[in-house]
């Protein structure tokens with residue numbers, strides 16, 4: 001059986017943040033391209049892992065689709081995508097590396113959830129109102145004792161986008 005290695009995207013800024021850093025002159029074009037290629041290599045490693053272990057990939061996909069369906073049924077896809085995108089802007093939130101393109105509707109919503117594959121990202125609870133939301137997420141290790149659980153509070157700012165205003169460990 002092929003050993004699964006967790007993705008290590010957290011040290012790299014998301015592609016959206018890399019482009020912003022480049023536009024602001026904080027990094028050079030070569031550095032941006034190097035970090036973008038590192039990001040891509042990690043994604044390709046994971047795809048290769050699922051290629052060599054298709055049963056595990058299939059089960060993970062089914063669990064992720066189930067989680068996405070539940071959230072869409074209860075809160076609507078637009079609201080879920082908006083909150084995932086707000087999470088991607090947090091610099092110290094490791095799953096943000098997977099969520100940076102949550103506003104791209106051509107990517108299936110279940111692709112942003114990681115039910116069993118490390119690093120996991122699960123939405124345990126979600127409460128959405130028009131201008132506020134509260135989300136409880138689990139992320140990190142697949143072992144229950146090592147998984148981080150956080151309560152995130154969102155508020156709609158003056159531009160109309162949701163942003164995280166409070167984070168607390170549970």
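The values are calculated or read from the model by the stated rules, or taken from the named source; none is laboratory data. Since we're looking at a predicted model, the values are computed, not measured. Note that each Cβ is placed from the backbone with ideal geometry, even for glycine, and that neighbours are counted across all protein chains shown.
Looking at the stretch 28-61, which of its residues are at pLDDT 90 or above and not in a helix (DSSP H, G or I)? If the condition is that a residue be at pLDDT 90 or above and not in a helix (DSSP H, G or I), then 28 is the only one that fits.
Would you check if residue 120 is surrounded by 16 or more Cβ atoms within 10 Å (Cβ to Cβ) and either in contact with a strand residue (DSSP E or B) (Cβ under 8 Å, 6 or more places away or on another chain) or closer than 20 Å to residue 13 by Cα (or both)?
On the way: surrounded by 16 or more Cβ atoms within 10 Å (Cβ to Cβ): yes; either in contact with a strand residue (DSSP E or B) (Cβ under 8 Å, 6 or more places away or on another chain) or closer than 20 Å to residue 13 by Cα (or both): yes.
Spelling it out, residue 120 is indeed surrounded by 16 or more Cβ atoms within 10 Å (Cβ to Cβ) and either in contact with a strand residue (DSSP E or B) (Cβ under 8 Å, 6 or more places away or on another chain) or closer than 20 Å to residue 13 by Cα (or both).
Taking the stretch 14-47 as the range and being touching a helix residue (DSSP H, G or I) at 6+ places or on another chain (Cβ under 8 Å) and touching a residue at least 60 places away in the same chain (Cβ under 8 Å) as the test, the residues that pass are 14, 15, 16.
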